[in-house]
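Right, one structure below, let's go through it.
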Amino acid sequence: MYAVIDLEATGGKPGSERIIEVAIFMFDGRRIVDQFITLVRPEVPIPPFVQKLTGIREHDVRTAPRFHEIAKRIVQMTEGAVFVAHNAPFDYRILREEFARLGYDYERVVLDTIPLAERFLPGMPAYGLSTLCTELNIAHTRKHRADGDARATVQLLQLLLEKDRDKYIEGVYLKQPAATGKHKFSDQIARYVKTVGIYYLFNSDGRVLYVGKSDQLRVRIDRHFLSTSEKALALQAEVASIRVEETGSLLLADILEHVELKKLKPPYNQAKDKFRLRFGLFPIETEEGVLWDVRGIRREPPVLQVDSVADGVALLSGMAEARQWSLRDVLLPRLVPDRADEASQTADLPRTLSEAAEALEAFLWPEGVVVYLDRGREPGEKTAFWVDGGRFVGYAYVRLEQEVHDEARLKNRLTLLPQQPYLRSLLAEYVHSGRLQQVRPGIFPTLEED
């Protein structure tokens, strides 16, 4: 039995996508014997480009079931079936990530119709679903909707099965790692389904080939060994061993990945892997005074790096509110919301680039020593990040209340970090998005449990 599946999702960075529509057609090789189609409430905004592509608007999913409400149905329908999709690694990864958020390890044998179409239908102009449907006269209505794409994939699968006179699909393809979900490191990483941390892939000489991070390490590592891309196959051929380092804290995983990538320069990482924060805050001298721009980073180093223009504007808005400045006093006109107050002509507005940078610095970091707490590797443990006068010194794992309040002992336990502006930017992102607990050694009375 084949479970032919298509998903529509919110898009974004791998690991952050959420499903907004699911279609499953149970196909016995000749006909569809069951089906399940539903919108899904993602509980995160649907980006405008996804709304335009799919036609699925925010109001369409407002009353739709959440994923956990349909998870059991998906498990029951697909149990014992082959998971089929066009570009299956994409749909399978997103579905596994949704299940991993529920603490469930979703595994199926996977069939991707793209490489099979390349094998049995050589000479096509391209192997996207729309192109194949046009070339093969397959009905493909409701493009970029889960039911339309999945129904077209059923017809494509039927044609591929008819062309497979040597039973290659059952005899060879479905026994490969990309299909079975099993590879030589599967047993080693089995327990890391919801683990946060970083991982290293080594060759037989002990050289690090790749460094990555995730809050779902097993799913992330599996992607290296279940992909059939040319680069993935080359990496698979070289990897001899894996090491996983649990951090508990996603911020610490972010930090350690950046440090290791700069130090080790693994050949299979891309240059962009070193920097997740690709936008920056730049003070600009204008006729109206010093104003801040938020834009992509090219050559000029920013005062602070952020994840997006929206994040940068939100942070600068927080600074303006704290200083009782109008946003028109702070942001370039193109970044100012239409309903922002008029400029206030406040006397303490920065007059130079250095004064603007100092104002931001004062907003970002409290004076003196402050410790920020994040999750640890196990219940009862926390990750403590030490900042002294705005200088990001290092981190330590702590369990006891005394370890947080005893400044001298905590400082002795620190693992020191290199003084890199990017690491401070990472910390600032977590601090000002409210993801960390702030304590002053010797002042706050308790260390909260998770």
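Quick notes on this structure:
- Whether a residue is assigned by TED's automatic domain parsing to the domain that holds residue 100 and at pLDDT 95 or above was assessed, and residue 61 does not pass this test.
Listed here are the residues, each with its yes/no results for (1) in contact (Cβ under 8 Å) with a residue 12 or more places away in the chain; (2) within 24 Å of the chain's Cα centre (by Cα); (3) closer than 27 Å to residue 187 by Cα.
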residue	(1), (2), (3)
254	yes, yes, yes
258	yes, yes, no
265	no, yes, no
269	yes, yes, yes
274	yes, yes, no
281	yes, yes, no
292	yes, no, no
312	yes, yes, no
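- Residues in the range 405-428 that are of a type in the set (A, V, I, L, M, F, W, C) and part of a helix (DSSP H, G or I): 408, 410, 423, 426, 427, 428.
- Every residue from the range 120-147 that is closer than 14 Å to residue 86 by Cβ, free of Cβ contacts under 8 Å to residues at least 60 places away in the same chain and under 33 Å from the mean Cα position of the chain (by Cα): 126, 127, 128, 129, 130, 131, 132, 133, 140, 143
- Of the numbered criteria (1) under 16 Å from residue 228 (Cβ atoms); (2) at pLDDT 90 or above; (3) not aromatic (Phe, Trp, Tyr), the one residue 94 fails is (1).
- Whichever residue in the range 36-59 is without any contact (Cβ under 8 Å) to a residue 24 or more places away in the chain and in contact with a helix residue (DSSP H, G or I) (Cβ under 9 Å, 6 or more places away or on another chain) and, among such residues, is nearest to residue 149 (Cα to Cα): 51
- Residues within the range 189-200 that are more than 19 Å from residue 232 (Cβ to Cβ) and either part of a loop (DSSP other than H, G, I, E, B) or basic (Lys, Arg) (or both), tallied: 7
- Qualifying residue in the range 232-239 (condition: modelled with pLDDT of 90 or more, surrounded by fewer than 19 Cβ atoms within 10 Å (Cβ to Cβ), in contact with a strand residue (DSSP E or B) (Cβ under 8 Å, 6 or more places away or on another chain) and of a type in the set (Asp, Glu)): yes
- In the range 306-336, residue surrounded by the most Cβ atoms within 10 Å (Cβ to Cβ) [restricted to those that are in contact with an Asp or Glu (Cβ under 8 Å, 6 or more places away or on another chain) and in a helix (DSSP H, G or I)]: 320
- Within the range 10-41, the set of residues being closer than 19 Å to residue 215 by Cα and of a type outside the set (Ser, Thr, Tyr) comprises 11, 12, 13, 14, 15, 17, 18, 19.
- Listed by position, the helices (runs of 4 or more DSSP H) inside the range 211-266 whose residues that are farther than 27 Å from residue 106 by Cβ number at least 2 are 230-238, 250-264.
- Residue in the range 412-433 that is at pLDDT below 90, farther than 15 Å from residue 249 by Cβ, out of contact with any strand residue (DSSP E or B) (no Cβ under 6 Å at 6 or more places or on another chain) and surrounded by 19 or more Cβ atoms within 10 Å (Cβ to Cβ) present: no
- Among (1) β-branched (Val, Ile, Thr); (2) at pLDDT below 90; (3) surrounded by fewer than 19 Cβ atoms within 10 Å (Cβ to Cβ); (4) within 30 Å of residue 439 (Cα to Cα) - the single one residue 346 does not satisfy: (4)
- Among the candidates 214, 204, 130, residue that is in the same structural domain as residue 262 (by TED's automatic domain parsing), touching a helix residue (DSSP H, G or I) at 6+ places or on another chain (Cβ under 9 Å) and surrounded by fewer than 17 Cβ atoms within 10 Å (Cβ to Cβ): 204
The values are calculated or read from the model by the stated rules, or taken from the named source; none is laboratory data. None of the values given here were measured: they were computed from a predicted structure. All Cβ positions, even for glycine, are placed from backbone atoms using ideal geometry, and neighbour counts span all protein chains on display.
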